[in-house]
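The values are calculated or read from the model by the stated rules, or taken from the named source; none is laboratory data. Since the structure is predicted, the reported quantities are computational estimates derived from the model, not experimental observations. All Cβ positions, even for glycine, are placed from backbone atoms using ideal geometry, and neighbour counts span all protein chains on display. Side chains included, ligands, DNA and RNA excluded: accessible areas come from the protein's heavy atoms. Shrake-Rupley method; radii C 1.70, N 1.55, O 1.52, S 1.80 Å.
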Amino acid sequence: MAKETFQVSISPREARDLIENEILQRNISGTLVDSYSRQVGEYEMHVLIMEKYYMRSNNRASVTSTIDNFDGVTTVHVVAAGSSEGVFFRFDWGAGSNFANSVARALAPHRIGGEDRFDF
């Protein structure tokens, strides 16, 4: 399971739009499973759950992105899951990390600190 939390210099809505564009428009097998958004005053939160088919693992991986500005800066938390093969072993041939990196790449130009570094 790949996961990371980082901050970006754009609004949560802009971050959500960039992630959706990267996963849904640039990935042939990327699909939006569900999304949820809330806004109260100047604070907003978006949750995106997406999945993608990976031929190398013959499996679908999911990535969940939670985006908010509750602390005055846009924070993105990304978790990839469901990409492991087998019942007892959580070995995913890199599919989860690859999928999570799609989110990080989409937001890299706006990342605050560590723009060229992906921690997945």
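Each Lys or Arg adds one and each Asp or Glu takes one away; over the other residues whose Cβ falls under 14 Å from the Cβ of V73, this sums to -4. Rolling a 1.4 Å probe across the protein heavy atoms gives the range 1-44 an accessible surface of 66 Å² per residue.
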